[in-house]
Amino acid sequence: MSILESYLEGMWRTGAGEGAAVADAVTGEIVTRVSSEELDLAAAVTYARRTGLAALGELTFQQRAAALKAAALALQERKQELYDLSARAGATRSDAAVDVDGGIGTVLVYSSLARKGLPDHTLIVEDDPIPLGRGGTFAGRHVLTTPRGISVQINAFNFPVWGMLEKLAPALLAGLPTIVKPATPTAYIAAHAVHIIADVLPPGAIQLVAGRVPGLFDLLGGQDHIGFTGSAATAAQLRSDPAITRRSARFNAEADSLNCSVLGPDAVPGEPEFELFADALVTEMTVKAGQKCTAIRRAFVPVNLIDDVAAAIEARLSQVLVGAPGVDGVTMGALVGLAQREDVRAAVARLSGAASIVFGDPRKVEVAGADAERGAFLSPLLLRADDVDRPEPHEVEAFGPVSTLLPYRCSTELIDLIARGEGSLTGSVVSYDHDFVRRIVLGAAAHHGRILVLDRDSAAESTGHGTPMPQLVHGGPGRAGGGEEEGGLRAVHAHLRRTALQGGPATLDTILSKE
């Protein structure tokens, strides 16, 4: 099996050695091998700084937006290729659409936002002259310019297309060339997306390293931006690197978190919100086989409704068909690999010390169209923890099709329980009681990057608990990494350097004018 190529210095290059084997999540067959041995990362960084930075620097924000749109349209034309590859990573057609179409849509949104909200210039003037003297001859202004650096993105395995594109779009608009380090289990999908867009983008705008990146951080400093998506433990390790602690490279982390959803006391069986809550929980458990950083891990329900909720979720999960993507009727695919399945099983074992399994068996699952053991298949698992004071449900994340029901007795207790997750990317409140919703949202906002309110009025247009929108910030405090991505043009500004200028108003106008 050949080594997956990396895209460096405008060429596809092959690493040396045997490489790490990447298996098909459904069949267990080897898809590719990944190695970055003997690849010259220093040369790649130099190429980004010289060729990529210069090529993007010649373009205005409007021209960069046009390049982004061209890349999105190229992906749109060939997205079936990405769907086919995603199936080998265990993704159903709808799973792949979340990643592939979601990524394309995000790029198109950024292109549109830039065309409407950014100047036909290479810098952004943030304010009118601020008088700093009585005579009007001395003033100040703030300007955003492109740093003389690069953007490095280190991505998780679960969204090889969206995860790359949602970081690439604001970096490219800001004029920063990007080096992508995809997660090994799905690097072949990210690499194929780069194959499609590499010739559409300016030279040096994007490079990709398949495999490890030893020494890369040693080459980074205060002009560079690092975007990370993955576990909280890895984020903490990267954050301690001298590139960040000593040389002050910008570091943004988006980490997995114990996201929650709350059912309001008013949402009793028969009410629309009860059904919406049950549907949303099952969706978040089964889309991408629960391998989403925004999936619902803790489901808080009124103590008097927990039996009803458990029965409703069980009934829905019993209709889920686990199997090979593309097989008729399959609604949940495989985890990304056997190692990931063992990680989830280990986490479920820890959770089981404080919770009982209501639905599913971590060691047994009926599978359609594939071998249950050769493929990385796992049953959806619903747990119930009646003792909410036990730490495990608030500390242990099973990154798969797993969620835990937890009862609450009052709003005050609920807000305290939510906070025990120590920071989340997203949360949701499902209720038609506006006073209850207000108390919970305001009580929980400090612990979340995003909160969705779902009820009968908004359900038809709601984008759902687990779907980040490019117009809104994606990130969260504490365990969730403490960073922010997306958020419309906020993400572009986060890649730029803000400088305060002082001088005579006419001189400032000359400096800031477009040549």
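Show the residue pairs meeting these rules: Cβ distance below 7 Å; 6+ apart or different chains; first residue within the range 5-30 and free of Cβ contacts under 8 Å to residues at least 40 places away in the same chain and aromatic (Phe, Trp, Tyr); second residue open to solvent by 30 Å² or more (accessible area, probe 1.4 Å) and part of a strand (DSSP E or B).
Hits for this filter: zero, empty list.
Which of the following residues is open to solvent by 10 Å² or more (accessible area, probe 1.4 Å), outside any loop (DSSP other than H, G, I, E, B), under 24 Å from ILE124 (Cα atoms) and among the basic types (Lys, Arg): ARG479, ARG490, ARG450, ARG438? Break it down stepwise before answering.
Working: ARG479 fails: under 24 Å from ILE124 (Cα atoms); ARG450 fails: under 24 Å from ILE124 (Cα atoms); ARG438 fails: under 24 Å from ILE124 (Cα atoms).
Just one listed residue meets the conditions, ARG490.
Would you check if there is a residue in the range 176-188 being within 14 Å of the chain's Cα centre (by Cα) and open to solvent by less than 30 Å² (accessible area, probe 1.4 Å)?
Yes: the range 176-188 contains one or more residues that are within 14 Å of the chain's Cα centre (by Cα) and open to solvent by less than 30 Å² (accessible area, probe 1.4 Å).
Would you mind listing the helices (runs of 4 or more DSSP H) fully within the range 224-335 where at least 2 residues are open to solvent by 10 Å² or more (accessible area, probe 1.4 Å) and of a type in the set (Gly, Ala, Ser)?
On the way: elements: 232-239, 242-245, 272-286, 306-317.
Hits in the range 224-335: 232-239, 306-317.
Please find, within the range 382-435, the residue that is farthest from the chain's Cα centre (by Cα) out of those that are among the small types (Gly, Ala, Ser) and assigned to a helix (DSSP H, G or I).
SER411
Considering only the range 423-435, how many residues are open to solvent by 20 Å² or more (accessible area, probe 1.4 Å) and in contact with an Asp or Glu (Cβ under 7 Å, 6 or more places away or on another chain)? Break it down into steps so the answer makes sense when it comes.
Here is the first cut: in the range 423-435, the residues open to solvent by 20 Å² or more (accessible area, probe 1.4 Å) are 432-435.
Narrowing the set further to residues that are in contact with an Asp or Glu (Cβ under 7 Å, 6 or more places away or on another chain) leaves 432-433.
Residues in the range 423-435 being open to solvent by 20 Å² or more (accessible area, probe 1.4 Å) and in contact with an Asp or Glu (Cβ under 7 Å, 6 or more places away or on another chain): 2 in total.
Mind checking which residues of the range 493-510 are within 38 Å of the chain's Cα centre (by Cα) and either among the hydrophobic types (A, V, I, L, M, F, W, C) or more than 15 Å from ALA139 (Cβ to Cβ) (or both)? Before the answer, list the steps.
First, pick out the residues of the range 493-510 that are within 38 Å of the chain's Cα centre (by Cα): 493-501.
Matches in the range 493-510: HIS493, ALA494, HIS495, LEU496, ARG497, ARG498, ALA500, LEU501.
Between residues in the range 84-100 that are under 15 Å from ALA25 (Cβ atoms) and in a helix (DSSP H, G or I) and residues that are among the basic types (Lys, Arg) and open to solvent by 10 Å² or more (accessible area, probe 1.4 Å), which pairs lie under 9 Å by C-beta distance while being six or more apart or on different chains?
Partner pairs satisfying both residue conditions: SER86/ARG93; ALA87/ARG93; ASP95/LYS288; ALA96/LYS79; ASP99/LYS288.
Suppose we keep only residues that are in contact with a strand residue (DSSP E or B) (Cβ under 9 Å, 6 or more places away or on another chain) and not in a strand (DSSP E or B) within the range 493-506. Which one would you say is surrounded by the most Cβ atoms within 10 Å (Cβ to Cβ)? Outline the logic, then answer.
Let us first name the residues in the range 493-506 that are in contact with a strand residue (DSSP E or B) (Cβ under 9 Å, 6 or more places away or on another chain), namely 493-505.
Among the residues that remain, those that are also not in a strand (DSSP E or B) are: 493-496, 504-505.
Values: HIS493: 18, ALA494: 18, HIS495: 23, LEU496: 20, GLY504: 14, PRO505: 16.
Among those that are in contact with a strand residue (DSSP E or B) (Cβ under 9 Å, 6 or more places away or on another chain) and not in a strand (DSSP E or B), it is HIS495.
What number goes with the only condition from (1) open to solvent by less than 30 Å² (accessible area, probe 1.4 Å); (2) in a helix (DSSP H, G or I) that TYR47 does not pass?
Condition not satisfied by TYR47: (1).
Please identify the pairs in which a residue from the range 351-363 that is without any contact (Cβ under 8 Å) to a residue 40 or more places away in the chain and hydrophobic (A, V, I, L, M, F, W, C) has its Cβ atom under 9 Å from the Cβ atom of a residue that is in a loop (DSSP other than H, G, I, E, B) and open to solvent by less than 60 Å² (accessible area, probe 1.4 Å), counting only partners at least 6 apart or on another chain.
ALA354/ALA385; ALA354/PRO391; ALA354/VAL396
For the range 197-214, check the following and say yes or no: at least one residue is of a type outside the set (Val, Ile, Thr), open to solvent by 20 Å² or more (accessible area, probe 1.4 Å) and over 30 Å from HIS121 (Cα atoms).
Step one: list which residues in the range 197-214 are of a type outside the set (Val, Ile, Thr), which gives 198-199, 201-205, 207-208, 210-212, 214.
When the remaining residues are screened for being open to solvent by 20 Å² or more (accessible area, probe 1.4 Å), the result is 199, 202-203, 212, 214.
Then drop every residue that is not over 30 Å from HIS121 (Cα atoms), which leaves 212, 214.
Scanning the range 197-214, I find at least one residue that is of a type outside the set (Val, Ile, Thr), open to solvent by 20 Å² or more (accessible area, probe 1.4 Å) and over 30 Å from HIS121 (Cα atoms), so the answer is yes.
Search the range 459-481 for residues that are within 16 Å of GLY230 (Cα to Cα) and β-branched (Val, Ile, Thr) and pair each with any residue that is open to solvent by 40 Å² or more (accessible area, probe 1.4 Å) and at pLDDT below 95 when their beta-carbon atoms are under 6 Å apart and the residues are at least 6 apart or on different chains.
Every condition considered, no pair remains.
Could you list all residues from the range 138-175 that are open to solvent by less than 10 Å² (accessible area, probe 1.4 Å) and part of a helix (DSSP H, G or I)?
Hits for the range 138-175 are GLY163, MET164, LEU165, GLU166, LEU168, ALA169, PRO170, ALA171, LEU172, LEU173.
Restricted to the range 1-39, and to residues that are touching a helix residue (DSSP H, G or I) at 6+ places or on another chain (Cβ under 8 Å) and of a type in the set (D, E, K, R), which residue is farthest from ARG212 (Cα to Cα)?
In this case the residue turns out to be ASP24.
Is there any pair with a first residue in the range 116-130 that is outside any loop (DSSP other than H, G, I, E, B) and a second that is not β-branched (Val, Ile, Thr) whose Cβ atoms are under 6 Å apart and which are 6 or more apart or on different chains, and what are they?
The qualifying pairs are GLY117/LEU489; ILE124/LEU144; VAL125/LEU512; ILE130/ALA139; ILE130/GLY140.
Would you check which residues across the range 336-360 are open to solvent by less than 60 Å² (accessible area, probe 1.4 Å), among the hydrophobic types (A, V, I, L, M, F, W, C) and closer than 23 Å to ALA156 by Cβ and list them?
Hits for the range 336-360 are VAL336, VAL344, ALA346, ALA347, VAL348, LEU351.
With the condition kept exactly as written, say whether any residue in the range 53-68 is open to solvent by 20 Å² or more (accessible area, probe 1.4 Å), touching a strand residue (DSSP E or B) at 6+ places or on another chain (Cβ under 8 Å), modelled with pLDDT of 95 or more and not in a loop (DSSP other than H, G, I, E, B).
No, the conditions are met nowhere in the range 53-68.
The values are calculated or read from the model by the stated rules, or taken from the named source; none is laboratory data. This one's a predicted model, so the numbers in the text were calculated from it and none came from an experiment. With ideal geometry, Cβ positions are generated from the backbone for all residues, glycine too; neighbour counts draw on all protein chains shown. Surface accessibility is based on the protein's heavy atoms, side chains included, excluding ligands, DNA and RNA. Shrake-Rupley method; radii C 1.70, N 1.55, O 1.52, S 1.80 Å.
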